[in-house]
Every structure is written in structure tokens, then in C-alpha cells.
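Structure first, commentary second.
What follows is calculated from the coordinates using simple rules that are stated; it is not laboratory data. None of these values were measured; they are calculated from a predicted model. Backbone-built Cβ (ideal geometry, glycine too); neighbour counts: all protein chains shown.
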Amino acid sequence: MRTAPSVSSMWSTVSWEIAADIAALPLPTNHVIDAVGFLDADQVDPLMYSRPYCLAAQGPISQRPYALLTEALACSGRLAVCKVPIRSIL
């Protein structure tokens with residue numbers, strides 16, 4: 001009689017192996033900042049500033065569009081609400 005492997009043996013993978021598998025996935029949004037909306041800076045709850053994420057352009061191709069966006073936001077007093085892929089291994 002065959003039995004199925006136990007759950008603990010199925011999930012006994014070293015975390016770095018999982019990280020390598022994730023890094024190898026061809027994700028088209030891996031290096032994309034998706035602006036989903038814009039709002040006035042005074043509309044943001046001050047508590048949201050307690051854990052900010054600082055983003056910057058990576059590589060020469062993205063530097064000009066990023067600079068134009070940040071300059072336009074600074075001149076208008078508005079902020080962008082963005083979706084950013086963040087990967088963390090627990």
C-alpha cells in the first residue's frame with residue numbers, strides 16, 4: 001500500500017532554493033513602478049510617512065522618465081500612489 005508523503009517532508013526546502021527559483025522567473029513587472037493614481041500631498045495621512053519606501057531609477061534608460069515624473073510631482077504638490085513589486089523571503 002502506497003502512502004502520500006507527509007506535508008513536512010514536501011515543504012522541507014531551504015529558503016535560498018526558493019529565492020533562486022523566484023529570481024529565475026521571467027516576471028515582466030519585476031522592475032516596474034505602476035502609478036495607479038495621483039493626489040494632493042495634504043490628503044495623505046501623516047501616519048503613512050512613518051515607513052516610506054524610497055525609490056530611484058535603475059539604469060540609464062529609466063533615469064529621464066523618472067526625473068520628469070519626480071519634477072512634475074514636485075512642481076504640482078502632488079504625490080503618486082504606486083504599486084511596486086517587493087519580494088521578501090520569510
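In table form, for the structure just shown:
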item	result
Most to least packed among 64-70, 41-47 [average Cβ atoms within 10 Å]	64-70, 41-47
Extension gain (nm, one decimal) between LEU68 and ALA35, 0.36 nm per residue minus Cα-Cα	10.5 nm
